[in-house]
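All of the numbers you see were taken from the coordinates with simple rules; none came from a lab. Everything numeric here is computed off the predicted structure, so don't read it as measured data. Don't worry about glycine lacking a Cβ; one is built from the backbone with ideal geometry, like all the others, and counts go over all protein chains shown.
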Amino acid sequence: MNVPAGAGMRWTVAASRLEDATAAASEVADTLAARLGPGRVDLALAFFSAHHVAAAGDLASALRARLAPGCLAGASACGVVANLHEVEHEPALSVMAARLPEVAVAPFVVTNDGWNEAASDASAFVRMTPGVRAPELVILFGDPFSLDLAPLFSAFERHEPGTRFVGGLASAAPRPGSNALFLNDWLAREGGVAVALSGALRADVLVSQGCHAIGPPLHVTGAQGNVILELDGEPAVARVEHVLEQLSERERGLLRLGLYLGVPATGQAAGRGDYLVRPLLGADQEHGRLAVGDRVSEGQHVRLHVRDAATAREDLELLLTPQAFDVPAQAALLFACNSRGRGLYGAPDGDVGPLQAALGGETPVAGMFCAGEIGPLGRRNHLHGHTASIAILRAPAAG
């Protein structure tokens with residue numbers, strides 16, 4: 001009898017609300033071990049709240065001692081996802097564990113050193129990514145204050161084209177050095193950690209927007225780095241003010257949630273999902289300049305954006321619709337912006353609820369709220385804002 005590839009793959013997720021990190025890790029590990037049964041644990045992914053950051057090393061040690069995973073990676077966050085629920089701003093630990101008999105699991109540490117060389121030198125890339133070969137998915141956690149993702153993405157585009165990343169930036173606290181990341185026995189307050197998965201695994205990766213465009217496309221006619229000098233030939237601040245004056249009453253109401261700028265992900269963006277939403281960092285009224293949280297180039301067409309719960313829910317449900325016609329998922333990872341959750345929807349479980357509904361309601365799901373979400377748009381990987389980045393995991397199709 002032919003056994004389908006990936007037939008022995010198993011995933012499960014367990015969570016704890018205990019305030020003591022070691023006790024929480026022990027509780028979760030016992031549950032995971034019981035659900036998986038005897039045998040090797042190939043991968044464990046841990047997401048933990050700010051309450052456990054100080055004891056992150058103890059938490060990781062407890063998980064390793066009980067589960068003995070081939071690879072353990074973790075990140076701190078302001079909220080975590082555990083199966084049917086999103087837990088925000090409370091003590092929480094969510095761990096996904098998997099048995100992956102036909103999947104190669106290749107972890108690697110990410111720092112800012114060496115990736116520019118790796119982008120142009122194949123041997124340097126191999127040194128930076130030991131064991132990574134033709135990955136189906138790379139899971140990446142990073143520190144928002146220290147990690148530059150652009151050289152990493154460029155290196156993969158050169159040497160492993162088509163690789164898709166999913167993950168996010170730690171969000172447990174708003175200061176440098178206040179988050180925690182770990183990879184096996186390595187613990188850090190900066191940089192990033194990654195796990196590449198190859199072999200008998202299929203991943204569908206979705207990036208759902210949480211903002212919608214307002215006003216017309218605006219032509220950047222003057223820019224320096226991340227500062228916009230002119231839009232449509234006018235001082236940038238004046239042109240934005242003119243656009244805002246023309247908004248509908250409903251759109252004006254959404255301004256209370258903040259005003260953002262959509263920068264084209266590739267070429268000239270045309271619709272929802274084509275923009276990378278970036279914060280407006282400040283306005284120089286005297287000179288009419290706008291500072292943006294990304295580089296902007298003359299000749300681009302940008303658009304103003306606002307956060308909107310209805311848009312976020314509609315976009316997520318639209319992207320998830322095809323899942324009803326696929327084979328059942330075995331697991332999913334959810335990385336949602338820390339501006340989503342209760343703050344956007346006014347109720348809990350705003351993203352995991354639709355995800356579970358699309359997958360049938362009982363799929364193991366884990367993840368976290370992020371200070372920036374990682375996922376592909378078109379053929380390239382990007383750091384996003386206000387999105388939900390999702391990886392849905394299955395065994396590969398037979399044959």
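Amide H to amide H, which residues 5 or more places from Leu304 or on other chains are under 5 Å from it, using H placed in the peptide plane?
The answer is Ile214, Gly262.
Treat each spin label as a single point 7 Å out from the Cα along the C-beta direction, and report the Leu318 to Ser297 distance in nm.
2.7
Can you figure out the FRET efficiency of Asn112 with His89, using R₀ = 30 Å and their beta-carbon distance, to the nearest 0.05?
With a Förster radius of 30 Å, E is 0.50.
Below 8 Å between Cα atoms, with a sequence gap of 6+, how large is the relative contact order for segment 212-306 in percent?
Value for segment 212-306: 44 percent.
Let me have the relative contact order for segment 301-399, percent, based on Cα pairs under 8 Å that are six or more residues apart. It would help to have the intermediate numbers written out before the result.
On the way: 132 pairs, mean separation 34.4, N = 99.
Worked out over segment 301-399, it gives 35 percent.
Could you please tell me the mean projected area of the C-alpha convex hull for segment 212-306, averaged over all directions and given in square nanometres to one decimal? Let's see the in-between values first.
Values: hull surface 21.8 nm².
Over every viewing direction, the Cα hull of segment 212-306 projects on average to 5.4 nm².
Please name which of Gly299, Ile228, Gly258 has its Cα lying farthest along the dipole of segment 212-306 towards the positive end, using unit charges on Cβ (Lys, Arg +1; Asp, Glu -1) and the Cα centre as origin.
Gly258
Counting only DSSP beta bridges with both residues in segment 240-371, what percent are antiparallel, rounded to the nearest 5?
Once the DSSP bridges in segment 240-371 are tallied, antiparallel ones form about 70 percent.
Would you mind getting me the FRET efficiency between Ala122 and Ala68? Use the beta-carbon distance for r and R0 = 41 Å, nearest 0.05.
Values: r = 34 Å, r/R0 = 0.83.
FRET efficiency, Ala122 to Ala68: 0.75.
Filter the DSSP H helices in the chain by two things, a Kyte-Doolittle mean of at least -0.5 and an axial alpha-carbon span of 20 angstrom or more, and list the hits by number. Numbers along the way, then the final one.
Values: long enough: 21-36 (22 Å, 0.67).
Within the chain the helices that satisfy the rule are 21-36.
Once you have the Cα-Cα distance between Arg256 and Arg380, take 0.36 nm times their residue separation minus that, and quote the gain in nm to one decimal.
41.4 nm
Which residues does a label at Ala150 reach in segment 80-119, if reach means a backbone N under 18 Å from a point 7 Å past the Cα toward the Cβ?
111-119
Just report the Cα centroid separation between segment 223-263 and segment 112-128, whole Å.
39
Which value in nm describes the separation of the simple spin-label points at Arg17 and Ser248, placed 7 Å from the Cα toward the beta carbon?
Roughly 4.0 nm, to one decimal.
What is the extension gain from Ala134 to Ala238, computed as 0.36 nm multiplied by their sequence separation minus the C-alpha to C-alpha distance, in nm to one decimal?
32.5 nm
Give me the distance in nm between label points sitting 7 Å out from Cα along the Cα-to-Cβ direction at Trp186 and Ala357, one decimal.
It works out to 4.1 nm between the two label points.
First select every other residue whose beta carbon is under 13 angstrom from the beta carbon of Gly233; then total the charges, Lys and Arg +1, Asp and Glu -1.
Net of charged neighbours comes to -3.
Rounded to the nearest 20 debye, what is the charge dipole size of the chain about its Cα centre when +1 sits on each Lys and Arg Cβ and -1 on each Asp and Glu Cβ?
Working: 30 positive and 42 negative charges, 154 e Å.
Its charge dipole is roughly 740 debye.
What does the net charge come to around Arg189 if you take all other residues with beta carbon closer than 11 Å to its beta carbon, with K and R at +1 and D and E at -1?
Values: positive: Arg175; negative: Asp143, Glu190.
Spelling it out: positives minus negatives among the neighbours equals -1.
As a test, work out the antiparallel percent of DSSP beta bridges whose residues both lie in segment 128-242, rounded to the nearest 5.
The antiparallel proportion sits near 75 percent.
Rank Gly372, Gly385, Gly288 by mean-square fluctuation in a GNM of the chain with C-alpha springs under 10 angstrom and give only the top-ranked residue.
Between Gly372, Gly385, Gly288, it is Gly288 that shows the largest mean-square fluctuation.
Report the net charge of residues surrounding Leu137, where surrounding means a beta-carbon distance below 12 angstrom and charges are Lys +1, Arg +1, Asp -1, Glu -1.
Numbers: positive: Arg164, Arg202, Arg394; negative: Glu136, Glu160, Asp204.
Within the 12 Å Cβ shell, the charges total 0.
Mind checking segment 1-87 for GluC sites (Glu not before Pro) that DSSP puts in a loop (not H, G, I, E or B) and that have at most 13 other Cβ atoms within 10 Å?
Glu19
What percent do you get for the relative contact order of the chain when only Cα pairs under 8 Å and 6+ apart count? Provide the component values of the computation, followed by the final result.
On the way: 1016 pairs, mean separation 81.8, N = 399.
Normalised by residue count, the contact order of the chain is 20 percent.
From the C-alpha coordinates alone, can you work out the Kirkwood hydrodynamic radius of the chain, in Å?
Across the chain, the inverse of the average 1/r is 21.7 Å.
Explain nothing, just compute: Karplus ³J(HN,Hα) = 6.51 cos²θ - 1.76 cosθ + 1.60, θ = phi - 60°, for every residue of segment 68-74 in order, whole Hz, x for Gly and Pro.
Karplus values, whole Hz, x for Gly and Pro: 6, x, x, 9, 10, 10, x.
How are the Cα pair distances of segment 121-164 distributed, in percent, across 10 Å bins from 0?
It works out to 24, 59, 17, in whole percents.
What's the FRET efficiency of Asp284 with Ala310 using the Cβ-Cβ distance as r and R₀ = 45 Å, to the nearest 0.05?
On the way: r = 33 Å, r/R0 = 0.74.
For R0 = 45 Å, the calculated efficiency reads 0.85.
Exposure proxy check: Tyr275, Tyr345 ranked by fewest other beta carbons within 10 Å? Before the final figure, lay out each step's value.
Values: Tyr275 25, Tyr345 17.
Neighbour counts put them in this order, fewest first: Tyr345, Tyr275.
Using +1 on the beta carbon of Lys and Arg, -1 on that of Asp and Glu, and nothing else charged, what's the dipole of segment 132-266 about the Cα centre, debye to 20?
With only Lys, Arg, Asp and Glu charged at Cβ, the dipole is about 340 debye.
With θ set to phi - 60° and the Karplus curve 6.51 cos²θ - 1.76 cosθ + 1.60, what are the ³J(HN,Hα) couplings of segment 213-226 in order, to the nearest whole Hz, using x for Gly and Pro?
For segment 213-226, the Karplus curve yields 6, 10, x, x, x, 10, 8, 6, 9, x, 7, 9, x, 9 Hz.
May I ask for the distance between the Cα centers of segment 170-212 and segment 33-81, given as a whole number of Å?
What the calculation gives is 14 Å, centre to centre.
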